[in-house]
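Structure first, commentary second.
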Amino acid sequence: MALILSHIMYSCISSKSRYTKIPNVPQCRDRKFRVSTYIVYNCLHVDFIFPNMSISLPLKTQFSQQVWIQAIGRGLYQLGSAVLIFYTPIVFVNYGNMSATEVGLAIGGGSVAGFVGNIIGGIFTDSPKFGRKRTLLFSTLFAIITSIVMVFTHDFKFLLLANIFFGLSTGLYWTAADAAVMDVTVSEIRQEAFSLLGLTDNLGFGLGTFAGGFLIKVLHPKEYIFAASAITFFSLLLLFFIGLVETRSSEEKSHEIQKGWKTALIDTRLMIYLLVNTLFITYIALVGSTLPLYLVNFGGTSESTVANLFTWGYVGLGALFQIPVIKIIAKFNYLTSLMISMGVWGLGFLLVWVMSSFFDIRTTYEFGILGVFAIASVIYKPTSSAWISELAPPNLRGAYTAIAYQCWTIGYVIGPIVGGWAMDQSQNVAQNTWLAVAGSTFIGLMILLLLNQKNTGISTHQGSKL
C-alpha cells in the first residue's frame with residue numbers, strides 16, 4: 001500500500017497539474033515537505049477528483065508545517081491501523097482456528113495494554129527527556145513490531161502479544177500527536193485543525209480497508225496482509241524522524257508534570273466527561289470491529305463487499321462530510337455538538353436493528369447506515385479533542401490528553417468483548433444487541449446534560465466560524 005501511495009504521489013507531482021503549487025502554507029520551504037503536503041491539500045478539493053467541477057471544501061490553510069506533518073502522519077497511522085483493526089476478526093475467525101470470543105479477548109487484552117500506554121504516553125509527552133517527538137517515534141516502532149508479529153500469528157497467545165504491542169503503540173501515539181497539535185494552534189482554529197486531522201484519519205482508514213480487501217483476495221496465507229501495515233508504519237517512522245520538531249515548551253518542569261496528573265484527576269468536568277467518552281469509543285469499536293463480522297456472518301454480505309462498504313460508506317463519506325459538518329455545528333458549543341453526535345450514534349445502531357429485524361439486508365441499506373455512523377464520527381472526533389484542549393492548561397496537555405484517552409482503552413475492551421460474545425450467539429441475540437447499544441445512548445445524553453450544567457466556569461463556545 002505504501003508503494004502504491006508513493007507511486008501516486010510521484011505521478012501527481014510529475015504531471016502538469018494546476019494544483020502543483022500549494023498556496024498559503026506557512027514555513028513550507030522544504031521541497032520534501034511540499035511534496036507530501038501536495039497530496040493532502042489536493043484531497044481537500046472536490047475539483048481535484050472531478051476536474052469539471054469548481055466546488056472546493058471550505059478549509060483554511062493557515063496552519064504551521066507541524067500541523068500538516070501531523071495530518072499526513074495521522075493518515076499513515078490510520079492506514080496501517082485499518083488493516084489491523086478491520087481485518088483481524090475476519091482473518092483469524094474466518095480463515096484461522098479461533099472463535100470470535102477468543103479474538104475479542106485478544107483485542108480487549110491489547111486495549112488493557114493501551115491503558116498502560118496512555119499513562120506512559122502522558123508522562124513521556126510532558127517529559128523534558130522525551131517530549132512529543134520521541135514519544136511518537138516509540139509509538140511507531142511498537143506499531144511495526146505489532147504488524148510483524150501478526151504476520152506469524154497462528155494461535156491465541158501470539159494474537160494477544162501482537163495486540164499488547166499495538167495497545168502500547170496507540171496509547172503513546174494519540175496522546176503525543178494531539179498534544180503536539182494543541183501546541184502549535186490557537187483556540188480559534190484548533191477545532192478546524194483537528195478537523196483536518198479527522199479528514200486525513202478517514203482517508204487513511206479508507207485506503208487501508210480498501211487495499212486490505214484487495215490483498216485478502218490475493219494473499220495466502222491471509223496473515224500476510226499485515227505485512228502491508230508494517231511497510232506503512234515504517235514510512236511513518238521516516239516521516240516523523242525527518243519532519244517533526246519538538247513542540248513541547250522548554251519552560252515546563254518535571255515537578256509540574258507530577259502536579260499536572262493530580263490536577264487533571266481532580267478536575268470534575270474531565271472526570272464526568274470520561275464516562276460519556278467511554279461510550280463514544282465503545283461505539284467506534286463496535287462499528288469498526290464487530291459490525292463488519294456481523295454483516296458477513298449474519299447479513300450474508302461478502303467480505304469484499306463489506307470492505308468496499310466501509311471504505312466508501314463509513315470512511316469515504318466521513319472524509320467527504322468532515323469539513324462541511326464541522327462548519328455547520330460550529331455555531332454550537334462543544335457539549336451541544338457532542339449531544340448531537342450521541343443522538344446520531346443512537347440512530348445508527350437503531351437502524352442496524354431495524355434493518356436486521358424487519359428487512360432483508362441489502363447493500364443499499366448498509367451503505368446508508370454506515371453514512372449515519374460517518375456523520376456521528378466526524379462530529380465527535382474533532383469536537384472531543386477541542387473540548388479536552390479547552391479544559392487542559394497549556395503545560396498539562398499531556399496529562400489531560402493521556403487521561404482522556406484512557407477511554408479508548410476501556411471502550412476497546414468493552415466493544416470487542418461484548419461484540420465478540422454477541423457474534424458467537426444466535427442471530428436473534430446478535431440482532432437485539434444493536435437495540436441495546438442504541439438504548440445506551442440515552443445514558444450518554446443524560447451525562448452530557450449533567451456536564452453542561454457543571455460547565456459554568458469556562459466558555460465552550462467556539463471563537464471562530466469555520
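All of the numbers you see were taken from the coordinates with simple rules; none came from a lab. Given the structure is predicted, the values throughout are model-derived calculations rather than measurements. Backbone-built Cβ (ideal geometry, glycine too); neighbour counts: all protein chains shown.
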- Task: For segment 325-331, take each phi angle, set θ = phi - 60°, evaluate the Karplus expression 6.51 cos²θ - 1.76 cosθ + 1.60, and give the result in whole Hz per residue in order, putting x for glycine and proline.
- Result: 5, 5, 4, 5, 7, 4, 6
- Item | Ranked packing of 186-199, 435-448, 162-175, most packed first, by mean Cβ within 10 Å | 162-175, 186-199, 435-448
- Once you put a point 7 Å from the Cα of Phe298 and another 7 Å from the Cα of Lys129, both along the Cβ direction, what distance in nm separates them? 4.9 nm
- Plugging the Cβ-Cβ distance of Lys454 and Ile242 into 1/(1 + (r/R0)^6) at R0 = 45 Å yields, to the nearest 0.05, a FRET efficiency of 0.55
- Item | Ellipsoid equivalent to segment 268-316 - semi-axes via the Cα gyration tensor, in Å | 30, 12, 5
- Out-of-range pairs (alpha-carbon distance over 24 Å; input Lys129/Lys381; Lys133/Lys259; Lys133/Lys454; Lys327/Lys454; Lys133/Lys331; Lys129/Lys259): Lys129/Lys381; Lys133/Lys454; Lys327/Lys454; Lys133/Lys331
- Which of the peptides 202-210, 386-394 is most tightly packed, and how do the rest follow, going by the mean number of other Cβ atoms within 10 Å of each residue? 202-210, 386-394
- Message: Can you compute 3J(HN,Hα) from phi for each residue in segment 270-284, using the Karplus curve 6.51 cos²θ - 1.76 cosθ + 1.60 with θ = phi - 60°, rounded to whole Hz and x for Gly and Pro?
- Response: 5, 5, 5, 5, 4, 5, 6, 5, 4, 5, 4, 5, 4, 5, 4
- Task: Subtract the Cα-Cα distance of His220 and Thr101 from 0.36 nm times their separation in residues, and report this length gain in nm to one decimal.
- Result: 40.4 nm
- Query: Packing-wise, with mean Cβ within 10 Å as the measure, how do 73-79, 370-376 rank, highest first?
  - Reply: 73-79, 370-376
- Going by a ≥ b ≥ c, the root eigenvalues of the Cα gyration tensor, does segment 371-418 fall in the rounded group (a/c under 1.5), the prolate group (a/b larger than b/c) or the oblate group? oblate
- Quote the Stokes-Einstein diffusion coefficient, in whole µm² s⁻¹, for segment 65-454, based on the Kirkwood radius over alpha carbon pairs, a temperature of 20 °C and a viscosity of 1.002 mPa s. 104 µm²/s
- Task: Answer rounded, prolate or oblate for segment 128-227, using the Cα gyration tensor with square roots of eigenvalues a ≥ b ≥ c: rounded when a/c is under 1.5, else prolate when a/b is larger than b/c, else oblate.
- Result: oblate
